[in-house]
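Notes for the one structure printed next.
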């Protein structure tokens, strides 16, 4: 009976916190096969932009185990704007842990989930072209496949003035 009570209480707390979060403009995650992210596996995210006057916050989502062997991840971000036939490529570093080794983000047992900004210094961006955008992620670490990565994703939020 006590186990059921704890489970119900945990679910209620999760629902409470999730209801406080703002709904994203776009969000999608992909599971990494066998928790080993290969160079050739580049999850692709397609989304439509109709409002080119708004500012957006773009975030890289990652879910990894506590056994992930690094304190960061180097990403290749490929962006294709509406009407383009080729991707622009950008290499960025995403910190996943503090210098002390403490993981950033939220953890539950041995699973860690992080939402890190991918725009320059966390700034908002304008998606100036209306239409279908595509963003792909690939890791650019020295080891391949990259172990202990469970999921990666993209989250886009419309920036609200505060």
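None of the figures in this text is laboratory data; all of them are computed from the coordinates on show. Treat the numbers as computed from the prediction; the structure is a model and nothing was measured. Heads up, the Cβs are rebuilt from the backbone with ideal geometry, glycines too, and the neighbour counts pull from every protein chain shown.
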Practice item. Starting from the coordinates of the alpha-carbon atoms of the stretch 24-158, obtain the Kirkwood hydrodynamic radius over all distinct pairs and give the value in Å to one decimal. Key: 15.4
Check your understanding: Mean separation of Cα pairs under 8 Å and 6+ residues apart, divided by the residue count of the stretch 24-158: what relative contact order is that in percent?
Key -> 51
Review point. If each residue's Cβ is checked for other Cβ atoms within 10 Å, how do 128, 63 rank with the fewest at the top?
Key: 128, 63
Review point. How high is the relative contact order of the stretch 73-149, in percent, counting Cα pairs under 8 Å that sit 6 or more residues apart?
Key: 41
Review point. Taking R0 as 30 Å, what's the FRET efficiency between residue 143 and residue 111 from their Cβ-Cβ distance, rounded to 0.05?
Key: 0.90
Practice item. Would you mind ranking 79, 50, 90, 85 by Cβ crowding within 10 Å, fewest neighbours first? Key: 85, 50, 90, 79
Practice item. Could you line up 76, 116 from fewest to most neighbouring Cβ atoms inside 10 Å? Key: 76, 116
Review point. How much length, in nm to one decimal, is gained on full extension between residue 67 and residue 92, taken as 0.36 nm per residue of separation minus their Cα-Cα distance?
Key: 6.8 nm
Practice item. Please report how far the C-alpha centroid of the stretch 41-81 lies from that of the stretch 94-118, rounded to the nearest whole angstrom. Key: 15
